[in-house]
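> Quick one: the structure is below, questions incoming.
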Amino acid sequence: MTALVLVVPYGLAGTMRFVDAAATLDGVSLGLISHESASGLAAKMSSDTRGHIRGFVQIDDAFNPDHLEAGVRRMAAELGTGRVDALAAILEPLQVPLAVVRERLGIRGMDVAEADRFRNKSRMKDTLRAAGLPCARHRLATSADEALAFAEEVMPLVAKPPAGAGAIDTFRVDDRSQLESWVGHTTPTSERPLLLEEFIRGEEFSFDSVTVDGQHVFHSISSYSPTPLEVMSTPWIQWTVLFPRHIDGPEFAPITEAGPKALAALGMVTGMSHLEWFRRSDGTIAISEVGARPPGAQMTSLLSYAHGHDFYRAWAELNAFGTFDPPPRSYAAGAAYLRGMGSGQVSHVEGIEAVHRQLGDLVVEARLPAQGQAKSSSYEGEGYVILRHPETDVVADGLKKIVSGIRVHLADQSWE
């Protein structure tokens, strides 16, 4: 019996899908560590999942390695195994604390040095560049002078915290005066450095992969429209992710070669990862960043729909047993994210009936904005629609119809 412990600080809907999948595994004694109470977290589970949880520990701060270690020790006793065989979480900020606890308690899995190369985006790019892999020029600025000196070399650029995830807390800088204004208010220091990167113009994609015992065994490619940075900086834009049916063409050869090398350089041994990359107009590529975790924003669901394979369960099996059976890609799949402009609550949603008449047969999953629903604090928006079909063009065309045909209206400002 494998003692698997999942760290679930908050019972978010996306997180609970991984918990539900782990609960279905035979040969696993499953424990949960959370900030929430047992009753609060249980209310977000199905009755079947609740019946498979063998241990629960509530702690104050799962992001603190000392608190987390204490929770894991308590869990080993509660499970009755006297040990924890595997310790995992999907949230990126938890990857280093998890690694610290693994090292302290002798639990297999990613160690601190490996986790830090994924989490610290400046160290990540230093590692990739040292391995001869393509990535954006960057500078970790610990003072205003360092930031402005880099701006003399590279402009436009992107500024972000070195431990950011995706496009969160990331913004574009188009001229020196804009950067001067920003560092004048928030001066970088050695304790709070600022990561500056070359702004790359081009298409943005993801490269989601599975590694087992240091061997690259699976990858998937998807495209964003528009780019996540544009989505973050323009809150009303409705955006899409497309998983094309076929990904073995020459247009993807550069990332198919560079992606596994990047993961090997960073130290991925066994796990699922999410790599974001750009393709410039001249066909060259640049790796943006890599997370040692499954993708967010319903992309794990998209992986599942495109391959007819439960990737939530696959992630749980990787952590519990270190195994993965690569599935074929049988479909194209895509998601359209529905977002309203302004603030307040959803007053009404326009266009759903018309879009459903056109695309109803393609829809495999949807969460539509509900009247009275508060505006989301996430870039994912107030809802989403997932499509699947054997032909990529059919899915791509359907996604365009959704984002052009559905409008989310908020209480204090309609999107006109």
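> At 7 Å along Cα-to-Cβ for each site, give me the label-to-label distance between Asp126 and Arg73 in nm.
Here the modelled spin labels are 3.3 nm apart.
> Next question. Springs between alpha-carbon pairs under 10 angstrom, Gaussian network model over the chain: which of Arg176, Arg137, Arg245 fluctuates most?
Arg176
> May I pose another question? Enter the mean projected area of the convex hull around the alpha-carbon atoms of the stretch 360-416, in nm², rounded to one decimal.
Mean shadow area of the hull around the Cα atoms is 4.7 nm².
> Given R₀ = 35 Å, FRET efficiency for Ser377-Met1 by Cβ-Cβ distance, to 0.05?
Efficiency, from the Cβ-Cβ distance: 0.30.
> Explain nothing, just compute: Karplus ³J(HN,Hα) = 6.51 cos²θ - 1.76 cosθ + 1.60, θ = phi - 60°, for every residue of the stretch 342-347 in order, whole Hz, x for Gly and Pro.
Computed from phi, the couplings for the stretch 342-347 are x, 9, x, 10, 5, 8 Hz.
> Please compute the Kirkwood hydrodynamic radius of the stretch 116-155 from all pairs of different C-alpha atoms, in Å with one decimal.
It is 11.0 Å.
> Just the accessible area per residue of the chain, please: how many Å² with a 1.4 Å probe?
Value for the chain: 42 Å² per residue.
> How would you classify the stretch 295-414 from its alpha-carbon gyration tensor, with a ≥ b ≥ c the square roots of the eigenvalues: rounded for a/c under 1.5, else prolate if a/b is greater than b/c, otherwise oblate?
oblate
> Calculate I(q)/I(0) for the stretch 331-396 by the Debye formula, one identical point scatterer on each C-alpha and no solvent, and give its log10 at q = 0.17, 0.18, 0.26 Å⁻¹ to two decimals.
The Debye formula, applied to the Cα set alone, gives -0.64, -0.70, -1.13.
> Which of the peptides 3-12, 192-201, 105-114 is most tightly packed, and how do the rest follow, judged by the mean count of other Cβ atoms within 10 Å per residue?
3-12, 192-201, 105-114
> Here's another thing I want to ask about it. Run the count for the chain, please: Lys pairs, Cα-Cα under 21 angstrom, 8 or more apart or on different chains.
Number of lysine pairs found: 4.
> Something else: Calculated FRET efficiency, Gln215 and Asp412, Cβ-Cβ r, R0 60 Å, to nearest 0.05?
Working from the Cβ atoms, E equals 0.65.
> If you don't mind, there's one more thing I want to ask. What is the calculated FRET efficiency for Glu153 to Leu368, with r their C-beta to C-beta distance and R₀ = 60 Å, to the nearest 0.05?
The calculated FRET efficiency here is 0.80.
> Related question: Quick one: compute a quarter of the convex hull surface over the Cα atoms of the stretch 92-234 and quote it in nm².
Averaging across all directions leaves 10.1 nm² for the Cα convex hull.
> Among Thr49, Thr256, Thr189, which one shows the biggest mean-square fluctuation in a GNM of the chain, springs joining Cα atoms closer than 10 Å?
Checking each option, the largest mean-square fluctuation is seen for Thr189.
> So, one more: Can you give me the Rg/Rh ratio for the stretch 167-322, using Cα atoms for both radii and the Kirkwood formula for Rh?
1.00
> So how far apart, in nm, are the two label points at Thr142 and Arg50 if each is 7 Å from Cα heading toward Cβ?
Using points 7 Å along Cα→Cβ, the separation is 5.2 nm.
> I need the semi-axes of the equivalent ellipsoid of the stretch 9-119: take the C-alpha gyration tensor, multiply each eigenvalue by 5, square-root it, list largest first in whole angstrom.
Ellipsoid semi-axes (Å, largest first): 22, 16, 13.
> For the chain, rounded, prolate or oblate, judged on the Cα gyration tensor with a ≥ b ≥ c (square roots of eigenvalues), a/c < 1.5 rounded, else prolate if a/b > b/c?
rounded
> Would you mind getting the Kirkwood hydrodynamic radius of the stretch 232-345 from its Cα pairs, rounded to one decimal in Å?
Kirkwood radius, the stretch 232-345: 16.3 Å.
> Here is a follow-up. For the pair Gln58/Arg176, report the inter-label distance in nm, with labels modelled 7 Å from Cα in the Cβ direction.
About 5.6 nm, to one decimal.
The values are calculated or read from the model by the stated rules, or taken from the named source; none is laboratory data. Remember, predicted model here, so these are calculated numbers, not experimental data. Here the Cβ is made from the backbone with ideal geometry for all residues, glycine too, and neighbour counts use every protein chain on show. Side chains are part of the model used for accessible areas, which takes the heavy atoms of the whole protein and leaves out ligands, DNA and RNA. Shrake-Rupley method; radii C 1.70, N 1.55, O 1.52, S 1.80 Å.
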